[in-house]
Amino acid sequence: MQKKYLIIGAGFSGSVLAHQLATQLDCQVDIWDERDHIGGNCHTSRDEKTGIMVHRYGPHIFNTDKKEIWDFVNRFVEFRPYVHRVKAMHKGNVYSLPVNLHTINQLFGKTYTPETAKALLDSLADKTIAEPQNFEEQALRFIGKELYEAFFYGYTKKQWGCEPSELPASILKRIPVRFNYDDNYHNNLYTGIPVEGYTALMEKLLQHPHISVSLQTKFDSSSNMAGYDHVFYTGPIDAYFNYQHGRLGYRTVQFETHYAEGDYQGLTQMNFCDEDIPYTRITEHKHFANWEEHKDTIYFKEFSKETGEHDIPYYPKRLEADKQILLKYRDEAHLKEGISFLGRLATYRYMDMHHVIGEALDFAQKFIISTASGQKPPVFANQEA
Ligand code: UDP
């Protein structure tokens with residue numbers, strides 16, 4: 001008999017899962033999203049005034065080392081090559097990012113070679129820190145005080161709203177340090193931008209006679225889930241449980257939209273690393289698609305703040321207190337029947353698009369195998385909390 005599944009959230013997790021279920025099982029998939037568009041925080045749409053494709057919730061660059069994920073997304077839409085080059089503004093000067101030989105030479109006003117720059121950073125590194133326990137220690141241990149204070153301390157404080165010493169070292173490990181002039185922000189094998197944006201990709205994923213999308217449909221404890229064989233929840237896990245163990249910490253982002261003629265800053269992303277500039281970065285959208293021509297330009301100034309009751313959660317903070325709360329929700333979730341949790345918000349992790357897609361593909365496979373063998377489907381897409 002045909003099964004009926006409900007997916008909450010039409011971002012990458014929900015859309016990939018819906019696609020896999022509808023194409024591999026005899027089922028009807030309903031997918032609800034509380035917003036008036038699909039795509040979650042990866043949503044893109046063209047700006048009415050300029051025609052430029054806008055990353056509505058901030059810059060999203062597709063990058064992965066996994067060929068199967070790259071091949072998967074390329075089955076649905078065309079991607080064009082794009083290399084993300086980011087510059088940093090510090091005390092009125094522009095620097096190269098991520099930290100590379102050029103950045104080091106710019107900051108110290110020298111002409112170091114790869115070898116002498118390595119020796120310099122080695123001399124600046126705080127070797128008394130054996131095992132870095134947090135973001136600040138990780139920075140001091142590997143790049144030293146000068147680079148940390150110029151490019152990371154202020155930006156991180158603005159971005160996360162706390163001292164970097166309160167944050168996990170893993171946040172800094174996202175960004176490489178290079179002793180050559182390679183200024184590609186990502187060092188993945190496959191990288192690109194979908195020509196018609198991410199929402200077009202998700203439209204393709206959801207285009208199936210057995211998938212029905214309901215927008216502006218909010219899920220809460222009063223939602224009727226009767227008649228569904230299984231529910232997949234991709235929203236914030238604390239919201240699912242009505243915040244009964246407290247709220248998990250997230251940072252949200254507010255965008256201030258600006259227009260200008262021509263080219264405003266000459267590249268997609270400029271980071272503002274000093275604490276006295278209230279925004280973290282400026283994204284100029286037309287540079288994501290340099291194959292297009294636009295006379296005018298649209299750019300966003302990004303302001304980071306703590307997530308209030310009505311704000312959209314972006315970055316999970318994962319402070320120690322958050323992890324304790326998360327464990328309580330996970331325990332609670334394990335007691336439930338007929339529901340699974342996946343994606344950035346439901347598993348409360350800092351995930352890139354390729355992580356989300358990879359995990360949704362794996363999870364769909366596990367779910368399909370478990371239903372075929374009559375076993376309980378996995379409750380979470382990830383093991384650890
Ligand atoms: N970061 C920083 N200065 C920069 C860029 C990044 O201090 O110029 C820190 C900051 O804490 C940020 C983290 O490194 O949250 C990861 O940076 P990434 O560029 O990956 O951030 P995302 O694009 O995910 O916001």
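Limited to segment 171-218, what total is found for residues that are away from the ligand (no atom under 16 Å from the Cβ) and part of a strand (DSSP E or B)?
Residues flagged as away from the ligand (no atom under 16 Å from the Cβ) and part of a strand (DSSP E or B) within segment 171-218 amount to 7.
Looking at this structure, is Phe179 surrounded by fewer than 20 Cβ atoms within 10 Å (Cβ to Cβ) and in contact (Cβ under 8 Å) with a residue 60 or more places away in the chain?
Values: surrounded by fewer than 20 Cβ atoms within 10 Å (Cβ to Cβ): yes; in contact (Cβ under 8 Å) with a residue 60 or more places away in the chain: yes.
Here the answer is yes, as Phe179 does meet what is asked.
With segment 49-156 as the region, which strands (runs of 3 or more DSSP E) entirely inside it contain at least 3 residues that are at pLDDT 95 or above and away from the ligand (no atom under 15 Å from the Cβ)?
Details: elements: 53-55, 62-64, 79-81, 86-90, 93-96.
In segment 49-156, 79-81 are the strands (runs of 3 or more DSSP E) which contain 3 or more residues that are at pLDDT 95 or above and away from the ligand (no atom under 15 Å from the Cβ).
Given the condition under 11 Å from Tyr198 (Cβ atoms), under 22 Å from the mean Cα position of the chain (by Cα) and crowded, with 16+ Cβ neighbours inside 10 Å, answer yes or no: does some residue in segment 26-33 qualify?
Taking segment 26-33 first, the residues under 11 Å from Tyr198 (Cβ atoms) are none.
Scanning segment 26-33 turns up no residue that is under 11 Å from Tyr198 (Cβ atoms), under 22 Å from the mean Cα position of the chain (by Cα) and crowded, with 16+ Cβ neighbours inside 10 Å.
Kindly indicate whether any position in segment 221-240 is within 15 Å of the ligand (Cβ to nearest atom), within 19 Å of the chain's Cα centre (by Cα), outside any loop (DSSP other than H, G, I, E, B) and surrounded by 14 or more Cβ atoms within 10 Å (Cβ to Cβ).
So the first thing to find is which residues in segment 221-240 are within 15 Å of the ligand (Cβ to nearest atom), and the list is none.
No, there is no match, as no residue in segment 221-240 is within 15 Å of the ligand (Cβ to nearest atom), within 19 Å of the chain's Cα centre (by Cα), outside any loop (DSSP other than H, G, I, E, B) and surrounded by 14 or more Cβ atoms within 10 Å (Cβ to Cβ).
Filter segment 87-115 down to the residues that are under 17 Å from Phe272 (Cα atoms) and in contact with a Lys or Arg (Cβ under 8 Å, 6 or more places away or on another chain) and list them by number. Break it down into steps so the answer makes sense when it comes.
Quick first cut of segment 87-115, residues under 17 Å from Phe272 (Cα atoms) only: 87-99, 103, 106-107.
Answer for segment 87-115, where residues must be under 17 Å from Phe272 (Cα atoms) and in contact with a Lys or Arg (Cβ under 8 Å, 6 or more places away or on another chain): Val94, Tyr95, Ser96, Leu97, Pro98, Val99.
Taking the condition of being surrounded by 15 or more Cβ atoms within 10 Å (Cβ to Cβ) and part of a strand (DSSP E or B), how many residues in segment 241-258 meet it?
So the count comes out to 5.
Which of the residues belonging to segment 320-352 are crowded, with 19+ Cβ neighbours inside 10 Å and in a helix (DSSP H, G or I)?
Ile325, Leu326, Tyr329, Arg344, Leu345, Ala346, Thr347
The values are calculated or read from the model by the stated rules, or taken from the named source; none is laboratory data. Please read these numbers as outputs of a predicted model, since none were measured by experiment. Backbone-built Cβ (ideal geometry, glycine too); neighbour counts: all protein chains shown.
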